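*Asks:* Supplied in structure tokens, the structure appears directly below.
A short reminder: the numbers here are calculations on the coordinates, not readings from a lab. Everything quoted here is computed from the prediction, not taken from an experiment. Cβ coordinates were reconstructed from backbone atoms using ideal geometry, including for glycine residues, and neighbour counts include every protein chain displayed.
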Amino acid sequence: GAGVSQSPSNKVTEKGKDVELRCDPISGHTALYWYRQRLGQGLEFLIYFQGNSAPDKSGLPSDRFSAERTGESVSTLTIQRTQQEDSAVYLCASSSDRGSYEQYFGPGTRLTVT
Amino acid sequence: GENVEQHPSTLSVQEGDSAVIKCTYSDSASNYFPWYKQELGKGPQLIIDIRSNVGEKKDQRIAVTLNKTAKHFSLHITETQPEDSAVYFCAAGYNNDMRFGAGTRLTVKP
């Protein structure tokens, strides 16, 4: 079946512009995660959605970052007034709340802020 | 919330040797401990996981051990091969609420 998809795969933007990154999780997966991965670094947790519960936003680095999820489907991560330090790969993952809690990762969006 | 620490950050071994990566976690409620492998340019993929009611699990050359009292768990790779070279992440959490370690870059020299 289809895996997690993300778009765009690459995004180059000028400092100060807003960007929107999209994640399509695996159908039926109730949990969705966003991570940031800087070059050669680990996974930095950003936000976690679980069903209809209030999202865990504890990882968002500043108020320029926000994310939304419509029901148990698509999620968008928005970065306002982008800065050069926002340059990274943004990974999305989804998982089911039944049985295995394995997270299935998308291919990521590489964001470059010039 | 959960806090996961992972060591070492880099590890280089000779082909055929064993590799061990260790993680500690902070939340005693955590009950699920997966390990992920990330190859260059790709998202992480699950390679093995363990739940809190088990102390050890093995899958061919890969094994994971869990010490709930000490709140630490480890990944063991035996007879390493060059294709094992990648970044490995541990994670810990309760049900779907997971946090990842910072990762270990493993290099297996032929």
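*Asks:* Given an 8 Å cut-off on Cα distances and at least 6 residues of separation, report the relative contact order of segment B:30-110 as a percent.
*Replies:* Values: 159 pairs, mean separation 24.3, N = 81.
Relative contact order comes out at 30 percent.
*Asks:* Measure up A:LYS11/B:LYS37; A:LYS17/B:LYS42; A:LYS57/B:LYS71; B:LYS22/B:LYS109; B:LYS42/B:LYS109 against 23 Å on the Cα-Cα distance and list the ones that go over. Could the numbers behind the result be given before it?
*Replies:* Values: A:LYS11/B:LYS37 25 Å; A:LYS17/B:LYS42 27 Å; A:LYS57/B:LYS71 25 Å; B:LYS22/B:LYS109 21 Å; B:LYS42/B:LYS109 21 Å.
Where the Cα-Cα span goes over 23 Å, the pairs concerned are A:LYS11/B:LYS37; A:LYS17/B:LYS42; A:LYS57/B:LYS71.
*Asks:* Further question on the same structure: For segment A:1-90, what does the relative contact order come out to in percent, with C-alpha contacts under 8 Å and a separation of six or more?
*Replies:* 33 percent
*Asks:* For segment A:57-114, calculate the relative contact order in percent as a whole number, restricting contacts to Cα pairs under 8 Å that are 6 or more residues apart.
*Replies:* On the way: 66 pairs, mean separation 16.2, N = 58.
Contact order relative to length: 28 percent.
*Asks:* Not counting the cut sites, what is the longest span of chain A without trypsin sites (Lys or Arg not before Pro) that DSSP labels loop and that have at most 16 other Cβ atoms within 10 Å?
*Replies:* Values: sites that count: A:LYS15, A:LYS17, A:ARG38, A:LYS57, A:ARG64, A:ARG81, A:ARG98.
Here the longest segment lacking exposed loop sites spans A:18-37.
*Asks:* Quick one, can you get me the convex hull of the C-alpha atoms of the protein assembly as shown expressed as volume per residue in Å³?
*Replies:* It comes to 123 Å³ per residue, whole-number rounded.
*Asks:* Write down, largest first, the equivalent ellipsoid semi-axes of chain A in whole Å, where each equals the square root of 5 times an eigenvalue of the alpha-carbon gyration tensor.
*Replies:* Values: eigenvalues 110, 40, 31 Å².
For chain A, the semi-axes come out at 23, 14, 12 Å.
*Asks:* For chain B, what value does the Rg/Rh ratio take when both radii are computed over Cα atoms and Rh is the Kirkwood radius, given to two decimals?
*Replies:* Details: Rg = 13.2 Å, Rh = 13.8 Å.
Looking at chain B, the ratio lands at 0.96.
*Asks:* Same structure again: So which GluC sites (Glu not before Pro) in segment A:10-76 end up in coil per DSSP with only 12 or fewer other C-beta atoms within 10 Å? Display every interim value, and only then the final one.
*Replies:* Details: sites: A:GLU14, A:GLU20, A:GLU44, A:GLU68, A:GLU72; in loops: A:GLU14, A:GLU72.
Of the GluC sites (Glu not before Pro), the ones in loops of segment A:10-76 whose Cβ has at most 12 other Cβ atoms within 10 Å are A:GLU14.
*Asks:* Between A:GLN41 and B:ASN53, how high is the FRET efficiency from 1/(1 + (r/R0)^6) when r is the Cβ-Cβ distance and R₀ = 30 Å? Nearest 0.05. Don't skip to the end; give the middle numbers.
*Replies:* On the way: r = 33 Å, r/R0 = 1.10.
Calculated transfer efficiency: 0.35.
*Asks:* Mind computing the radius of gyration and Dmax over the alpha-carbon atoms of segment A:29-82? Å is fine for both.
*Replies:* Expressed in Å, the Cα Rg and Dmax of segment A:29-82 come to 11.5, 34.
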